[in-house]
Amino acid sequence: MQTVKLSNGMEMPMVGIGVYQVPDAAQCEQSVLDAFEAGYRLVDTAEGYMNEEAVGSALKKSGLNRDEVFITSKIWIANFGYEKTKRAYNAALKRLDMEYMDLVLLHQSLSDYYGAWRALEELYKEGRIRAIGVSNFYPERLTDLCMNAEIKPMVNQIECHPFFQRETDLECAKHFGVLLEAWAPFAEAGRGIFTNEILNGISKKYGKTVAQVILRWNVQRGVVVIPKSVHKERIEENINIFDFTLTDEDMTAIAALDTGHTEIIDHYDWKIAEFLNTVKGRE
């Protein structure tokens, strides 16, 4: 498995399994077990996904040692704030049945994320988290946090796919030494991404699927990908992207697909911000 080095020197796998929208415990557990069998070592969950317990259970059943895997979870905004975030982290560890996490992210750039960040900084300095980061932070929010925090985020997990390529976000992240990680790398199958003429043409050239081409494209840009699937054959397919390389011509052709806007959720929309602030966290 290809890895990338975070700003603190820690190695992170370039491809992981995401478990968003897999609330069924048995299905989530099986997906993670299938991923481990296929060679994945990065699992991305969150407080809000309601499946941290299943991820922890899968690791125990897998036979892998804790230090062989990279576990990421996220704190929801209802639990932002110095004291609340520390409590939320302890609760997440209990749900996962683990002594530490490899990476913890603040899930949104809303509410008291500065208080929450101070809590993560402290937990990191205590050695209880190996790396800390954020999710859904647009460039101006990421810049502000990097300029004012004691410890800069090591990862920013954002929507990133051929239709929303986030070049400005990538430029900002590189400037501050932050790694970008892509959620929804397939745009949640929007805009006919799997039947796109350009992507299909490239996939046929290499004898690969469109999904593999999309994941390879992001990895070549230095972006970690966490495709979600509950189908064993697709889980195996999504990690099989290290035996080919896209040419500069291919990368340029894919770059032309960028629309410059989200296909899923607009975090600049005040109504979205209002809604997200009403979503409760876990105890």
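The values are calculated or read from the model by the stated rules, or taken from the named source; none is laboratory data. If you're wondering where the values come from, they're calculated on a predicted model, not measured in any experiment. Quick reminder, even Gly has a Cβ in these numbers, built from the backbone with ideal geometry, and neighbours come from all protein chains shown.
Below is a table of values for the structure above.
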{"read-out": "Yes/no for residue 150 being in contact (Cβ under 8 Å) with a residue 12 or more places away in the chain, loosely packed, with under 15 Cβ neighbours inside 10 Å and among the charged types (D, E, K, R)", "value": "yes"}
{"read-out": "Residue count for region 7-39, restricted to those that are part of a loop (DSSP other than H, G, I, E, B), at negative phi and over 14 Å from the mean Cα position of the chain (by Cα)", "value": "6"}
{"read-out": "Residue under evaluation residue 89, criteria (1) buried (at least 18 other Cβ atoms within 10 Å of the Cβ); (2) more than 30 Å from residue 37 (Cβ to Cβ); (3) aromatic (Phe, Trp, Tyr), criterion not met", "value": "(2)"}
{"read-out": "Any hit, region 25-37, residues being under 21 Å from residue 279 (Cβ atoms), surrounded by fewer than 19 Cβ atoms within 10 Å (Cβ to Cβ) and in contact (Cβ under 8 Å) with a residue 24 or more places away in the chain", "value": "yes"}
{"read-out": "Residue in region 126-135 that is at pLDDT 95 or above, in contact with a strand residue (DSSP E or B) (Cβ under 7 Å, 6 or more places away or on another chain) and surrounded by fewer than 18 Cβ atoms within 10 Å (Cβ to Cβ) present", "value": "no"}
{"read-out": "Odd one out for residue 1, checked against (1) surrounded by fewer than 22 Cβ atoms within 10 Å (Cβ to Cβ); (2) at pLDDT 95 or above", "value": "(2)"}
{"read-out": "Within region 46-66, considering residues that are in a loop (DSSP other than H, G, I, E, B) and touching a residue at least 40 places away in the same chain (Cβ under 8 Å), the one nearest to the chain's Cα centre (by Cα)", "value": "46"}
{"read-out": "Failed condition for residue 25, given (1) touching a Leu at 6+ places or on another chain (Cβ under 8 Å); (2) small (Gly, Ala, Ser); (3) closer than 18 Å to residue 235 by Cα", "value": "(1)"}
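Residue by residue, here is whether (1) within 20 Å of residue 10 (Cβ to Cβ); (2) over 14 Å from the mean Cα position of the chain (by Cα); (3) modelled with pLDDT of 95 or more holds:
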{"position": "121", "(1), (2), (3)": "yes, yes, yes"}
{"position": "141", "(1), (2), (3)": "no, yes, yes"}
{"position": "162", "(1), (2), (3)": "no, yes, yes"}
{"position": "171", "(1), (2), (3)": "no, yes, yes"}
{"position": "179", "(1), (2), (3)": "yes, no, yes"}
{"position": "199", "(1), (2), (3)": "no, yes, yes"}
{"position": "230", "(1), (2), (3)": "no, yes, yes"}
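So that you can scan it fast, the table gives a plain yes or no per residue for (1) of a type in the set (Gly, Ala, Ser); (2) within 29 Å of residue 176 (Cβ to Cβ); (3) modelled with pLDDT under 95:
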residue	(1), (2), (3)
16	yes, yes, no
32	no, no, no
38	yes, no, no
78	yes, yes, no
82	no, yes, no
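For every residue, the table says whether it meets (1) in contact (Cβ under 8 Å) with a residue 24 or more places away in the chain; (2) surrounded by fewer than 15 Cβ atoms within 10 Å (Cβ to Cβ); (3) in contact with a helix residue (DSSP H, G or I) (Cβ under 7 Å, 6 or more places away or on another chain).
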{"residue": "208", "(1), (2), (3)": "yes, no, no"}
{"residue": "211", "(1), (2), (3)": "yes, no, yes"}
{"residue": "224", "(1), (2), (3)": "yes, no, no"}
{"residue": "231", "(1), (2), (3)": "no, yes, no"}
{"residue": "247", "(1), (2), (3)": "no, yes, no"}
